Amino acid sequence: MKHLTPAIIAKVTGGEYIGDASSRDNRVQGAVRDHREVAPGNLFICIRGARVDGHSFADAAYSAGAACCLAECALPNAAGPYVLVRSTLEAVKTLGAYYRSLFNIPVIGITGSVGKTTAKELVAAALGARFCVLKTAENLNNELGVPLTLLSLEERHEAAVIEMGISDFGEMGRLAQMARPDIFIMTKIGYAHLDNLGDLNGVLKAKTEAFAYMNADGVGVLNGDDELLWGFDPGMRKITYGVLPRNDFRAENVRTEGVGLVAFDAVSDAGSFTVTVPAFGEHIANMALAAVVIGRLLGMTDDDIARGLRSYAPVGGRSSVTDTGYITLIDDCYNANPSSVNPALESLAKLTGRRVAILGDMNELGERSDELHFETGVFANQCGLDLLVCCGDKAKLMYEGFKSAGGTGAKYFETKAQLIAALPELIEKGDSVLVKASNSMRFEEIVAALK
């Protein structure tokens, strides 16, 4: 880690150093917000949450080896030094921005209404064939997660891939002020967080705030299949990618080679090469193509990019495929909105055998929520699924949409418990089963039952 001490932290954040003078210049390495994750030398960030106050765990953090704490109230009888600030959240953002400024490496920011985490993993996999890469852990993509990610940069890192997620106006600007991305990827403008952002134009406005905080020689890498992104001028070099012929980088001859492998030809004016990605769904080709663009921008060979993408592995409820020995289970239950559900249904429909989709509520869709749920049900029927299983208040509208379009293979359950109890009757040997819903629906319980 670059040189960081309690004294520097106090100076950067405008805080007050409290502790022995002999500890002011002790080296600090890494930052965490969970006392259970503290490693010797860490900075422990005391965050006040809705249910838990991190200040209560300062003693445990010191016992685990924390070099310093960042606090917004006094820590009586503290076992180590701490920096007292007005707001630990604002302070860690300031500290994250300062620490990022110490590194002269390419920083790739990623956002979009769907596929942020998948794109992040794909880009990191591709770059990993040549570079030592820092990537956002799990889903630490908000105003606390981004600075924590930046503070985990080490001198060995040669590139950073930072996921940036928002739900309201102004957030992306604050994230970009910290991350200062050199390259900014936008995956799609879709139906997400409409409660705050209003409509698709609002989503575009909020997510593109980042470009105001990039260097003039930065690059915007945008999904050119998305009409709003195709027409957007980032005020800097713009590279488009997608399956449409108009794009600078194109995914051609996209094909599925088994349930868990997608292949395509990555085509641009500089030539073409074949890419294979171990993942479910042909829509993965679009996000993998963004990784191809990044690899080319950073001077990688096509062979290295292809090798890196072959190492990709899905993470936590994002299109991971499991052969249980009885069914093929596609776990995509981490989150859902129409922009992610529809491609998943299309990919499911292309599989052989009996195709079953288990869908739940899609949250934060604003005034169009009912309409979008109903339309998703209609689309599921158009895909020709053999069985649609719905659970949740809003998901009932999917069920009704499916039936209204002439679909006969549909079941609705008010509760997960009822659905899980019915699984032995609903699911047959050899089925391909997709599970997808918003994260708050906790459909991982259904995935566990199916396994």
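Any read-out appearing in this document is the output of simple, stated calculations on the displayed coordinates, not a laboratory observation. Every value quoted in this text rests on a predicted model; they were computed, and no experiment measured them. Please note: Cβ atoms are built from the backbone with ideal geometry, for glycine as well, and neighbour counts cover all protein chains shown.
Step through the table entries K120/K205; K207/K411; K120/K429, compare each Cα-Cα distance with 26 Å, and write down the pairs that go over it. The partial results should precede the final answer.
Numbers: K120/K205 22 Å; K207/K411 37 Å; K120/K429 35 Å.
Over 26 Å Cα-Cα: K207/K411; K120/K429.
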Could you check what % of the DSSP bridge pairs in the chain are antiparallel, to the nearest 5?
-> 30
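Given the alpha-carbon gyration tensor of the stretch 51-112, what are the semi-axes of its equivalent ellipsoid in whole angstrom, ordered largest first, with each equal to the square root of 5 times an eigenvalue?
Working: eigenvalues 155, 39, 29 Å².
For the stretch 51-112, the ellipsoid semi-axes come out as 28, 14, 12 Å.
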In nanometres, what is the gap between the two model label sites at A405 and A449, each 7 Å from Cα along Cα-to-Cβ?
-> 2.5
State the extension gain, in nm to one decimal, for the chain segment bounded by E155 and K350, taking 0.36 nm per residue of separation less the distance between their alpha-carbons.
-> 65.6 nm
hull vol. (C-alpha, convex hull) per residue for the stretch 6-91, Å³ -> 82
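Roughly how large, in nm² to one decimal, is the mean projection of the convex hull of the alpha-carbon atoms in the stretch 323-451?
Numbers: hull surface 26.8 nm².
Over all viewing directions, the stretch 323-451 projects a mean Cα-hull area of 6.7 nm².
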Please report how far the C-alpha centroid of the stretch 97-163 lies from that of the stretch 402-432, rounded to the nearest whole angstrom.
-> 40
Cα-Cα pairs above 43 Å in the chain: how many percent?
-> 18
Assign unit charges at the C-beta atoms only (+1 for Lys and Arg, -1 for Asp and Glu), then state the dipole size of the chain relative to its Cα centre in Debye, rounded to the nearest 20.
-> 620
When DSSP beta bridges are limited to those with both residues in the stretch 320-450, what percentage is antiparallel, rounded to the nearest 5?
-> 20
Report, for the stretch 18-171, the % of DSSP beta bridges that are antiparallel, rounded to 5.
-> 10
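Pulled fully out, how much extra length does the chain show between R307 and N77, if you take 0.36 nm times their separation in residues and subtract their Cα-Cα distance? Let's see the in-between values first.
Working: separation 230, 0.36 × 230 = 82.80 nm, distance 5.36 nm.
Working it through step by step, the gained length comes to 77.4 nm.
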Per the rule of 0.36 nm per residue minus the C-alpha distance, extending R86 to R255 adds in nm 55.4 nm
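Between beta-carbons, use under 14 Å as the cut-off and find the net charge around N77, counting Lys and Arg +1, Asp and Glu -1.
-2
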Distance in nm between A137 and E16 label points, each 7 Å along Cα→Cβ, equals 3.2
Hey, any idea what the orientation-averaged projected area of the convex hull of the stretch 103-310's Cα atoms comes to, in nm²?
-> 10.7
Note on the chain: contact order normalised by length, alpha-carbon pairs under 8 Å, 6 or more apart, percent, works out to 11
Stokes-Einstein D for the stretch 91-185 at 37 °C, 0.692 mPa s, Kirkwood Rh over Cα pairs, in µm²/s?
-> 253
